[in-house]
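What follows is calculated from the coordinates using simple rules that are stated; it is not laboratory data. Not measured: the values here are computed from a predicted model. As a convention, Cβ positions derive from the backbone with ideal geometry for all residues, glycine included, and neighbour counts pool all protein chains shown.
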Amino acid sequence: MKKKLIFIIIYIIFFFNSNLLSQNDNRILKVGLLAPLTGNYSELGNSFLYSLQLALEEINDKNVSIVPRDSGFNDEDKLNKAIQDLRDQDIKIIIGPISHEELDNVKKYNDLIFISPSNINPRFSNNIISVGISLESQLFSIIDFLKKEKKNKTVIMYPNNQYKNLIDEKLNNSTLKNFKRFIYSPNPEVLTGEIEILTNYSQRKNNLKMRKKLYEDKEDEQSIKELERLDQLYTLGEVNFDSVIIIDFGNSLKSVLTSLVYSDVDQNRVLFTTINQWFDESIFYENTIKNLYYPSINFSEFKKYNKTYYRKFGKYPNEITILSYDALGLIYYAWKKNGKIVSTSDLLFKNKIKGKIGSFSFKDGKVFQELSIYKTDKNTFTKF
């Protein structure tokens, strides 16, 4: 009887302490970070870390902390070691990995939750949520914009590179109708000739030549004026599309834009759109383009974020690190609302979530961002 009573007392003490410990654990939020903090990609990795430090300052909760670990970049051994280290510290939710190529490797850690900035696959799995600006979200915004502008003959252009098959898949699942695909060479020298074919440039050039011949030997005032008008043109005749969506970026995008303008595509009639360019100001120096439209995040918040980051660290962040800022905000919101986070379902809210990038929501097993259309106009980005 005495032994039984001692056992009951020990059990009660153990249960009470375990329950108290569990409650205390729920009052502490430790979030892991997997990023390349050393090596060739260390600047990117540390930019993610600094971004999370800014988010922590705004949250201003001493019970929340970030535990960073160097996971390398596409280094499976280093990644697994970093994950195990976080696991040993009883960390259940992790921001990262950064590279989409590493996501397959973390699926096996089904007792952990990973929030990745990758935009390759917005469909979340049992333990992974990707919060990158997905191509689906961007296409949705562009399609809506083209409908409002009453454009219905669209050419979707993208390079024949490592992302071609992925883009093919996304387009097959999109709601965009009546569009033509144009897959071009990443080689600028080949690209120009391909776009001349797309725009029927040679025929339109010949149309102009033949039309001018009709008036060259005439001396009446009307013929002279018509010939003067034709002399101002480079081609004669319209292209058979009214809008383009260019899924590309950087110098490759600029090469496509230049080739379209060189082929005398009328920018007053054809809308030039592209995917999110993160407000890259170098596009302003591509002075052949009058207006370029693309979907992106909240520009005002993006500028504020950049300024705050610069004041704190003396340099500007990698643009995608704002995603980690919002990721921590989402985690913190879920933790405060639910009291704990034990699975990805605790992070998937029915209502829209407002972050630095703008509003986003979870639909049909995917993360969906609400993006605005911006126009490059007179060396500035204007919300359209």
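What FRET efficiency would be calculated for the residue pair Arg27, Thr288, taking the C-beta separation as r and a Förster radius of 56 Å, to the nearest 0.05?
0.45
Among 347-358, 132-143, how do they line up by average Cβ neighbours within 10 Å per residue, starting with the highest?
132-143, 347-358
Enumerate the calculated ³J(HN,Hα) couplings along the range 236-242 in order (Karplus 6.51 cos²θ - 1.76 cosθ + 1.60, θ = phi - 60°), each rounded to whole Hz, writing x wherever the residue is Gly or Pro.
9, x, 9, 6, 9, 8, 10
Using a Förster distance of 25 Å, how high is the FRET efficiency between Lys375 and Phe249, based on the Cβ-Cβ distance and rounded to 0.05?
My answer for the efficiency is 0.90.
Would you kindly state how much longer the chain becomes between Glu281 and Lys81 on full extension, computed as 0.36 nm times their sequence separation minus their alpha carbon distance, in nm to one decimal?
Full-extension gain reported as 68.1 nm.
Calculate, in nm to one decimal, what Glu58 and Glu226 gain on full extension: separation in residues at 0.36 nm each, minus their alpha carbon distance.
Extra length from Glu58 to Glu226 when fully extended: 53.9 nm.
Beta carbons within 10 angstrom, averaged per residue: use that to sort the peptides 57-66, 329-338, highest first.
The densest-packed peptide leads the list: 329-338, 57-66.
Quick check on the range 59-200: what does the Kirkwood estimate of hydrodynamic radius come out to from the alpha carbon pairs, in Å?
One over the average 1/r among Cα pairs gives 18.3 Å for the range 59-200.
Can you show me the helix-derived [θ] at 222 nm for the chain, built from DSSP H runs with n ≥ 4 at -39,500 (n - 2.57) apiece and divided by the number of residues, rounded to the nearest 500.
Result for the chain: -14000 deg cm²/dmol, rounded to the nearest 500.
Stick to the Cα atoms of the chain, pair each with every other, and give me the Kirkwood hydrodynamic radius in Å at one decimal.
Final number for the Kirkwood radius of the chain is 24.1 Å.
Please work out the FRET efficiency for the pair Lys177 and Phe384, using the Cβ-Cβ distance as r and a Förster radius of 30 Å; give the result to the nearest 0.05.
My answer for the efficiency is 0.85.
Can you tell me the length gained on complete extension of the stretch Arg311 to Glu189, counting 0.36 nm per residue apart and subtracting the Cα distance?
Length difference between fully extended and current span is 39.6 nm.
Taking amide H atoms as placed 1.01 Å from N in the peptide plane, list the residues 5 or more away in sequence, or in a different chain, whose amide H sits under 5 Å from that of Gly358.
Correct list: Asn298.
Among 225-233, 102-110, 268-276, how do they line up by average Cβ neighbours within 10 Å per residue, starting with the highest?
Per-residue Cβ counts within 10 Å, averaged per peptide and sorted highest first, yield 268-276, 102-110, 225-233.
Can you work out the PRE-style zone for Asn161? Point 7 Å along Cα to Cβ, and I want the residues of the range 230-257 with backbone N under 16 Å.
246-257
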